[in-house]
Each structure stands twice: as C-alpha cells, then as structure tokens.
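Below is one structure; the comments refer to it alone.
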Amino acid sequence: MTGEQPENRGNIMAVDDNPANLRLLERMLRMSGYQVRSFPRGRMALAAAAENPPELILLDVNMPEMNGYDVCERLKADSQLARIPVIFLSALDETEDKVKAFGAGAVDFVTKPFRFEEVQARVDTHLQLRRLQSALAQQNDRLEALVEARTKELAEAHGRLKILDRAKSDFLDMISHEFRTPLNGLLGIGDMILEESGSSPDAAELRELFEKSRRRILTILDDALLLTQIEVEGVPFAPEQLSLSAILSAAVKGAAMFAASSNVTIEPAPRDTGLVLGEEQLLVKALQTLIETAVKFSSAGQVVRLACQPAQDSIQVTMESCGRTIPVPAIDKFFDLFAVSEAMTSGGDLGLGAPVAYRILSLFAGSVSVENRSPSGIRLTICLQRPS
C-alpha cells in the first residue's frame with residue numbers, strides 16, 4: 001500500500017544513494033502514515049528542503065558528491081532549516097562515526113541494517129520533540145510580542161502620567177500663588193478690623209480664632225506644595241549628617257506657640273542624642289508637625305513627653321501625649337493622605353501634617369507609627385537612620 005494514510009503522522013525527507021534502501025524506507029514510512037519525499041543526492045535534498053522544509057530528515061552518511069556530514073552541516077548553517085531534526089542511517093558503527101554525526105548537528109544515529117520498528121520509534125520521538133519545540137518557540141514569540149506591546153503601552157501611559165503630573169504640579173503652584181495674593185489681602189483686612197475692635201474679651205477671642213485660621217490656611221498651602229515636590233515632582237533631597245538634639249530643639253521651639261495656645265507644655269528636647277541622616281529644614285518640619293499632632297491629642301494642662309533611644313543603625317524618638325486617643329478604625333490610616341478630612345480630635349481633622357511628616361521621614365529611610373496609650377493619649381514612634 002503506497003497511498004497516503006488518513007492521518008498524516010509527519011512530513012519526512014529520506015536521503016540515500018542506494019535506490020533499494022530508499023524505496024524500502026519510503027514504502028515502510030508511507031505505510032505507517034508519514035508523508036515522504038526521497039532523494040538520492042544531498043544537493044537535491046538541500047534544494048528541496050529550502051523550498052519546502054520537512055519536519056524531519058533521515059540521512060545516509062556515505063553518498064557521492066556530498067556525504068551526510070556535509071549535508072547536515074549545510075542544513076544547520078541555514079537559519080531556516082537549522083531546527084529540522086536529522087537522524088543518520090548508516091552502516092558505519094564506530095564510535096568516532098557517531099561522534100562526528102552528532103558534531104555535525106544530528107539528533108540521533110541508527111546503524112544499518114536496522115529494524116523499522118526502531119526507526120519509527122526514533123522518528124516519532126524526534127517529531128514530537130520538534131513539535132513541542134516549535135510550539136514553545138511560537139509561544140515565546142507570542143509572549144515577546146505581548147511584552148513588547150505591553151511595554152509600549154506602559155511607556156505611553158508613563159508619558160501621559162508625566163504630563164499629568166507636571167500639569168498637576170504647575171496647577172498646584174499656580175493655585176498656591178493665586179490663593180496667597182487675595183489671601184494676603186483678606187488677612188490684611190482682617191488685621192485692620194481686629195485692631196479697631198479694641199481690647200474687649202470678645203475681640204481677644206476673635207483675634208485668637210483669626211490667628212488660628214490664618215496658621216491653618218498657610219500651613220495647608222505649604223504642606224500641599226511640599227507633597228507636590230515629594231510625590232509628583234520627585235525632587236531629590238540629599239541627606240546630611242545632623243545633630244538630632246539640634247533638630248528636636250528647633251522642632252520644640254517651632255511648636256511652642258501652638259502648644260501654648262492649647263495650654264499644653266512640651267518637655268525639653270533630650271540632649272546628646274547623636275547624629276541622624278536627613279535634610280535639616282525637612283526634618284525640623286516633620287518633627288515639629290508630629291509634636292503638634294501630640295499636642296492636639298493632649299488635654300489642657302498636660303505635658304508632651306519626648307524620649308530618644310539609640311539602636312544599632314537608627315535612633316528611636318518617642319512623643320507621648322496624655323488626653324485623647326485615636327478612634328480605633330482610624331489608627332491604620334492615620335498617615336493616609338485621603339483620611340485627612342476625618343475628625344480625629346475634638347478640634348476636628350488633623351489636616352495634612354501627619355501624612356506630610358510620614359513622607360518626609362520616608363525620604364531618608366525613616367518611619368513613624370502611632371498607637372493609643374492606656375488609659376489615655378497617644379504615642380508616636382519615629383525611627384531615624386544614623387550615619388553608617
């Protein structure tokens with residue numbers, strides 16, 4: 001039976017200069033369901049393979065004009081044909097002959113005379129391997145194409161985000177400038193009105209409320225701009241070696257007026273606490289903000305206590321208040337930028353202070369956490385990196 005089988009098991013090329021061997025091999029392969037093309041010369045097989053590549057090649061070694069090793073090497077040198085598995089069929093059975101065959105690029109070597117069952121088993125094995133390799137290569141090509149397309153999409157999205165971030169930064173800068181100009185007018189008018197209101201208790205109360213609102217508005221504007229620099233513009237801040245005692249002293253001094261307005265005392269900053277890494281103005285701002293946060297959770301007449309504890313590569317600063325506690329559901333999002341509008345103290349929300357301090361400390365590999373004290377008050381724990 002020489003016709004094609006209903007199921008095509010593979011497209012094979014057989015190359016042998018012996019007509020009898022070639023006819024026998026072709027007949028047995030076709031009877032087993034393979035499509036077969038036979039060639040008595042290596043050059044003819046190479047030309048046919050270049051025009052219509054087979055899935056596998058059965059190749060004799062000793063042939064005139066071009067032996068099997070040369071044919072195999074030519075196949076492997078062609079990028080379009082290099083992946084076609086080549087099985088040598090030869091009467092040669094010396095070890096060096098087999099080594100030479102594998103060195104030329106063959107995947108297997110069958111010694112003549114052969115049993116067809118052995119040839120078929122090896123053909124099936126290498127066809128399956130070849131198909132798996134092809135499927136894997138196609139999958140890799142698809143993945144590479146997907147990765148390339150996704151990378152392009154991400155690059156385009158990143159470009160758009162950079163434009164949006166720049167626009168956001170410019171917008172916030174503009175808003176800050178445009179707010180400050182009319183705000184200065186309003187605050188100036190407010191000062192004039194309050195100066196004319198005399199020194200009555202009601203006037204004093206109004207002035208206190210006015211000053212408190214002024215500080216809050218200006219602080220929110222400053223904090224919003226700093227957040228823009230940190231998170232949108234990505235402005236680099238070079239860390240320096242700083243005296244923690246000096247930083248804490250400046251922070252305490254900066255928070256003193258706010259604490260006095262709440263009738264809260266701030267404990268003097270610890271001395272000789274060592275050096276930390278950071279940028280002076282930013283660290284002072286972060287620590288002052290956190291001290292003021294502790295003040296907000298203090299009852300009138302209480303003291304905000306400060307302590308420092310050195311560690312191997314860091315210094316831990318604690319700030320403790322006595323008075324109010326944080327609602328339990330709000331503790332985990334205390335430093336969340338989107339939770340600033342939630343009322344956590346009797347005076348309302350905390351503004352941007354805590355989120356800004358958290359981000360400033362993160363710039364220099366520092367951190368801050370918060371917890372409620374028992375029976376009342378909060379504890380802020382700040383970790384600052386020491387120079388190595």
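Quick note: the coordinates plus some simple rules give every number you see, no bench work behind them. These numbers come from a predicted model, not from an experiment. Using ideal geometry, Cβ is built from the backbone for each residue, glycine included, and neighbour counts are taken over all protein chains shown.
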Can you tell which of Ser245, Pro327, Ser299 lies farthest toward the positive end of the dipole of region 236-385, using +1 and -1 charges on the Cβ of basic and acidic side chains (Lys, Arg; Asp, Glu)?
-> Ser299
So how far, in whole Å, is the C-alpha centre of region 369-387 from the one of region 63-95?
-> 76
Once amide H atoms are placed 1.01 Å from N in the peptide plane, what residues at a sequence separation of 5 or more from Val304, or on another chain, have their amide H within under 5 Å of its amide H?
-> Thr265, Ile266, Glu267
FRET E, pair Ala135, Leu161, Förster distance 41 Å, beta-carbon r, rounded to 0.05 | 0.60
Please list the radius of gyration and Dmax for region 236-385, considering alpha-carbon atoms only, with Å as the unit.
-> 14.4, 42
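How would you rank 11-24, 281-294, 127-140, 362-375, highest first, on the average number of other Cβ atoms within 10 Å across their residues? Provide the component values of the computation, followed by the final result.
On the way: 11-24: 18.0, 281-294: 24.4, 127-140: 11.9, 362-375: 15.5.
Ranking the peptides 11-24, 281-294, 127-140, 362-375 by packing returns 281-294, 11-24, 362-375, 127-140.
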Give, in nm to one decimal, the length gained when the segment between Ala121 and Thr318 is fully stretched (0.36 nm per residue of separation minus the Cα-Cα distance).
-> 63.3 nm
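At 37 °C and 0.692 mPa s, grab the translational diffusion coefficient of the chain from Stokes-Einstein with a Kirkwood Rh over Cα pairs, rounded to a whole number in µm² per second.
Values: Rh = 28.5 Å.
For these conditions, the coefficient is 115 µm²/s.
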Convert each backbone phi in region 184-197 into a coupling constant with the Karplus relation 6.51 cos²θ - 1.76 cosθ + 1.60 (shift: θ = phi - 60°), then list the ³J(HN,Hα) values in order as whole Hz, x for Gly and Pro.
-> 4, x, 4, 5, x, 5, x, 4, 4, 5, 5, 5, 7, 7
With the charge dipole of the chain built from beta-carbon charges (+1 for Lys and Arg, -1 for Asp and Glu) about the Cα centre, the Cα from Leu380, Gly185, Ser197 projecting farthest to the positive end belongs to Leu380
Quick one: dipole size for the chain, taken about the Cα centre, charges +1 on Lys/Arg Cβ and -1 on Asp/Glu Cβ, in debye to the nearest 20.
-> 500
For Ala246 and Asp93, calculate 0.36 nm times their separation in residues minus their Cα-Cα distance, and state this gained length in nm to one decimal.
-> 46.3 nm
Label Lys76 and Ala149 with points 7 Å out from Cα along Cα→Cβ: what is the distance between them in nm?
-> 3.7
Of 297-306, 116-125, ordering from highest average Cβ density within 10 Å down gives 297-306, 116-125
Go ahead and estimate [θ] at 222 nm for the chain from helices alone: -39,500 (n - 2.57) per DSSP H run with n ≥ 4, summed, over the residue count, rounded to 500.
-> -18000 deg cm²/dmol
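Counting DSSP beta bridges with both partners in the chain, what percentage is antiparallel, nearest 5? Kindly include the intermediate steps, with their values, before the conclusion.
Working: 25 of 44 bridges.
That works out to approximately 55 percent antiparallel.
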